[in-house]
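**Q** Structure in structure tokens, see below.
The values are calculated or read from the model by the stated rules, or taken from the named source; none is laboratory data. Here the structure is a predicted model, which is why all the values come from computation and not from measurement. Methodologically, a virtual Cβ is constructed for each residue, glycine included, from the backbone with ideal geometry; neighbour enumeration extends over all protein chains shown.
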Amino acid sequence: MRAVILAAGKGSRLSGTIGNKPKCLLRVGDQTLIERQIDALRSVGINDIAVVVGCQVDRVRRTCGRDITYVENARYAHTNSLYSLWLARPLLLDGFLVMNCDVLFHPQLLTDLLSARHEDALLISYADDPLGHEEMKIKARRGRVVEITKALAAEETDGENVGIAKFGGAGARLLAGLLDAHVAAGGLREWAPHAFADFARVRPLHVVGTRGYPWTEIDFPEDYEYAIRDVLPAIENDIVTEVRVKSDATVVVHGLRLSQRPASVPLSPAAGE
């Protein structure tokens, strides 16, 4: 499978933290975000990787290296992730995995998504508490996406979109047509999940839960602080922060090292998957 990383944006909301660098070059520990993502992809056997670049193209190319396919979004300052994915559409048609460049995540999430039996699926982080207005929210029923939008009402929201999805060949071709329609209608500033929502109305788009594995999206300085303080150490120490068991009960485990997990607490998908 090919992977596409959407990394064209500057990350202006992180300007006080990142300085004059693109968002994907934010340093997290001893690597940049995009280096961590590329390493995670390769760790699960995905070596065919494309990066959609825009801001400071040469700098991103130097960081990512020569073994990457590059797609340039020259209009990055006036477009959004849907347009970046649309530019990469010739690379998508045999099936692909797509991720936003601003997600720091445990590599097990890729394994779970890729090994899910459904061809078309995305990662969801189930939420018990109301999400903020910035989060891309998901309504799911019977393990499928019903709606995905930032404007979803709290009572309709089941969780947050992680920003990593996969599509098989048939699904990829359908999605490419939907991306074409959005761009033709002038939706250059839309987020890619808008096309995913359209997709879910036509063809099942399944959800795969994060199962408590650590992850975070980094949009603001406080997100970066949280990533460095909590998420990165949890990833590096292989810690699961919450386990949901597929039953009427929910087992919550805080700060449990995975190697110490008792056999009686399975890492099962959340109810509804």
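**Q** When you check Gly187 against the structure, is it of a type outside the set (Val, Ile, Thr) and modelled with pLDDT under 95, yes or no?
**A** Taking the combined requirement at face value, the residue does not satisfy it.
**Q** In contact (Cβ under 8 Å) with a residue 40 or more places away in the chain, surrounded by fewer than 21 Cβ atoms within 10 Å (Cβ to Cβ), over 14 Å from Val202 (Cβ atoms) and of a type in the set (Gly, Ala, Ser), is that true of Gly187?
**A** Yes: the conditions hold for Gly187.
**Q** If you don't mind, another one. Hey, which of the helices (runs of 4 or more DSSP H) in segment 1-73, taking only ones fully inside, have at least 2 residues that are under 19 Å from the mean Cα position of the chain (by Cα) and aliphatic (A, V, I, L, M)?
**A** So the answer is 33-43.
**Q** Do we have any residue at all in segment 82-90 that's over 21 Å from Cys64 (Cβ atoms) and surrounded by fewer than 17 Cβ atoms within 10 Å (Cβ to Cβ)?
**A** Within segment 82-90, none of the residues are over 21 Å from Cys64 (Cβ atoms) and surrounded by fewer than 17 Cβ atoms within 10 Å (Cβ to Cβ).
**Q** Can we say Leu91 is in contact with a His (Cβ under 7 Å, 6 or more places away or on another chain) and either more than 30 Å from His182 (Cα to Cα) or modelled with pLDDT of 95 or more (or both)?
**A** no
**Q** Name the residues in segment 52-79 that are closer than 21 Å to Arg189 by Cβ and hydrophobic (A, V, I, L, M, F, W, C), would you?
**A** Listed by number, the residues that qualify are Val52, Val53, Cys55, Val57, Val71, Ala74, Ala77.
**Q** Inspect segment 200-214 for any residue being modelled with pLDDT of 95 or more, surrounded by fewer than 20 Cβ atoms within 10 Å (Cβ to Cβ) and of a type outside the set (D, E, K, R) and give the result as yes or no.
**A** yes
**Q** Moving on to the next point. Which of the residues that make up segment 108-130 are in contact with a helix residue (DSSP H, G or I) (Cβ under 8 Å, 6 or more places away or on another chain) and either surrounded by 18 or more Cβ atoms within 10 Å (Cβ to Cβ) or among the charged types (D, E, K, R) (or both)?
**A** Leu110, Glu119, Asp120, Ala121, Leu122, Leu123
**Q** With the structure loaded, tell me whether Leu123 is closer than 27 Å to Thr157 by Cβ and not in a strand (DSSP E or B) or whether it fails that test.
**A** no
**Q** Also, I was wondering about something else. Being acidic (Asp, Glu) and touching a residue at least 60 places away in the same chain (Cβ under 8 Å) narrows it down to one residue among Asp219, Asp198; which is it?
**A** Criteria check complete, one pass: Asp219.
**Q** Scan (1) in contact with a strand residue (DSSP E or B) (Cβ under 6 Å, 6 or more places away or on another chain); (2) surrounded by fewer than 20 Cβ atoms within 10 Å (Cβ to Cβ) for the single condition Leu104 breaks and write down its number.
**A** In the conditions (1) in contact with a strand residue (DSSP E or B) (Cβ under 6 Å, 6 or more places away or on another chain); (2) surrounded by fewer than 20 Cβ atoms within 10 Å (Cβ to Cβ), Leu104 misses (2) alone.
**Q** Consider Glu156 carefully, then state whether it is surrounded by fewer than 18 Cβ atoms within 10 Å (Cβ to Cβ), within 17 Å of the chain's Cα centre (by Cα) and acidic (Asp, Glu).
**A** Judged against the criteria, Glu156 is not a match.
A quick yes/no check of all residues on (1) farther than 23 Å from Val231 by Cβ; (2) modelled with pLDDT under 95:
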| position | (1), (2) |
| --- | --- |
| Lys23 | no, yes |
| Leu33 | no, no |
| Ala40 | no, no |
| Gly45 | yes, no |
| Val52 | yes, no |
